1. Order by neighbour count: V37, V132, fewest other Cβ atoms within 10 Å first, most last.
2. Please go through region 11-80 and write out the GluC sites (Glu not before Pro) that DSSP classes as loop and that have at most 10 other C-beta atoms within 10 Å.
3. Which entries in K187/K260; K167/K292; K105/K218; K158/K218; K23/K286 show an alpha-carbon gap greater than 28 Å?
4. Which value in nm describes the separation of the simple spin-label points at K290 and R84, placed 7 Å from the Cα toward the beta carbon?
5. Could you state the angle between the C-alpha long axis of helix 113-124 and the longest principal axis of the C-alpha atoms of the chain, as a value from 0 to 90 degrees rounded to the nearest 10?
6. Give me D for the chain in µm² s⁻¹, whole number, from Stokes-Einstein with Rh from the Kirkwood sum over alpha-carbon pairs, 4 °C and 1.567 mPa s.
7. With each run of n ≥ 4 DSSP H residues scored as -39500 (n - 2.57), what mean residue ellipticity at 222 nm is computed for the chain after dividing by its residue count and rounding to the nearest 500 deg cm²/dmol?
8. What aspartates and glutamates sit close enough to K115 to cross-link, taking a C-alpha to C-alpha distance under 13 Å and skipping anything fewer than 8 places away on the same chain?
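Each reported figure results from applying straightforward, stated rules to the coordinates on display, with no laboratory input. Every value quoted in this text rests on a predicted model; they were computed, and no experiment measured them. We place every Cβ from the backbone using ideal geometry, glycine too, and count neighbours over all the protein chains shown.
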Amino acid sequence: MGGYNFKGICVFSGSANLDLAEKICSFLDLPLGKAVVKRFSDGEIFVEIKDNIRGADVFIIQPTCPPVNEHLMELLIMIDAARRASARRITAVIPYYGYARQDRKTAPRTPISAKLVANLIVVAGARRVLTVDLHAGQIQGFFDIPVDHLYALPVFLKHIKENFSGKDLVIVSPDAGGVERAREYAKRLGASIAIIDKRRERPNESAVMHIIGEVKDKIAIIIDDMVDTAGTMCQAADAIIERGALEVYGMATHPVLSGKALERIANSSLKALWVSDTIPLREEAKAIGKIKVLSLAGLLAEAIRRIHTDESISSLFV
């Protein structure tokens, strides 16, 4: 955990993804400096910033990944500590935005937790948010402060072009909600598109019902914003192989990988699953050879640099 004041910019990290923060600081040519995040015996979180950040432009890097509530509280307390230390501006860099799936009421008497989390971040003292591949784009509107919403597309697209140049590709959306994302990849790759029609009987469970589009004799790449229990991704891969695809690959920005995800991925038809480092992989996930990590550190570092220097970052959105 740490921060450093250099030419008015300070970069801090919580405990959620220290490796990503260090990579970002390496791109920025800034050391990740001094802050203490610890817990009292009853579990309360305590933060002490060791560097002088008065009047500084502060960036706090903390994905709210599992354990979500622990990391969310850590982020809020770090923001509050920076605000009370007289930081000029505080930007919450949240590579993975937890609670994003609760973006609307799906039944009577249910919360909109994504909005609640947005309120908490603003009240804590953040004046800007930088995030990656929100589960629902409208979450940007839940904030009354600027939100810079980046996409993993440039990094993933580069990887696909380097490894599948000249191949007959089909980009697959795992559900109707991801069609726009799949279309963006397909357009830039000159590939065709397919859609998985599925029905979700209960949370974190899904069943593939039908494939819309031609996958026979093609290399299929399933594009999603996150892979949680991996049920959707693995069932889709099996169904695509049954329809005659040559190979199936998965690509997801956020590797939540909860429940039986690792077992499913290991036993699935996927040749490989590419994920980003918005969430750090557990050791058991690293042991599965199918899961490959593509770093977004360079993308996030460039966004942080441009925010600090008041340059446009719109070119990073695509």
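1. Details: V37 20, V132 24.
Least to most surrounded, the residues fall as V37, V132.
2. On the way: sites: E22, E44, E48, E70, E74; in loops: E44.
Here the sparse-neighbourhood loop sites are E44.
3. K187/K260; K105/K218
4. 4.8
5. Once rounded, one gets 20 degrees.
6. Once the numbers are plugged in, D ends up at 64 µm²/s.
7. Numbers: 9 runs with 97 residues, N = 318.
Helix-only estimate at 222 nm: -9000 deg cm²/dmol.
8. D103, D144
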